[in-house]
Each structure stands twice: as C-alpha cells, then as structure tokens.
Amino acid sequence: MLSSVLIWCEGTILLDGPPFNLNLSPLSYLYRYIGIGGGGFGTLLMLYVPLLYCAVCCYYAMFRLKICNTNALHPNQHSDGQSMLFNAT
C-alpha cells in the first residue's frame, strides 16, 4: 500500500506548480495536518517513514541484483572489489 501511495505522490508532482497549481498528494495533506502547531519529534519520525521504506526497497533489490553473476554481492565479505564499486554507484 505504501508503494502505491508513493507512486501516486510522485506521479502528481508535476501538477503542483504553474499552470495547474493542484496538490493531489495524500502525503502532503498528511504532513500538513500533523505539522500544525510546529510539529515535533513525532512529525519528524513520520517524515522518515517513506524515506526509509524507499531505502529498504532499493537496498534489498540492489543486494539481490545478479547481472550474469559478475557484479553480485556475496555475504560474509566474499564480494570482489569490482562488484562492490559497481553496486556502490
């Protein structure tokens, strides 16, 4: 469900400026609502939820990526330098 919300928010970014001036992002409305009165530590934690979700998805896919098994990352520090540099970029 969080993936769908993030895709919806990313897809509506182009409508947020001139000439449309539409804000269709549900996360934008959520953060505006919980930020009333200056926010706080809970608001800051809520801002990190989508960021951490995207990072977990990205790194999970990156460490599972195997391109002809030449640039694969292996557990227990058995990866070669070329694979580590490729995946770091």
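Each value in this text was obtained by applying a stated rule to the coordinates, not by laboratory testing. Please read all numbers here as calculations on a predicted model, not as lab measurements. Virtual Cβ from ideal backbone geometry, glycine too; neighbours counted across all protein chains shown.
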Cα gyration tensor, the chain - rounded (a/c under 1.5), prolate or oblate:
prolate
Among the complete DSSP H segments of the chain, which ones combine at least 20 Å of alpha-carbon extent along their axis with a mean Kyte-Doolittle hydropathy of -1.0 or more?
41-64
Under the 7 Å Cα-to-Cβ spin-label approximation, His74 and Leu22 lie apart by a distance in nanometres of 5.2 nm
Potential lengthening between Cys58 and Leu85 on full extension [0.36 nm per residue; Cα-Cα distance subtracted]
8.1 nm
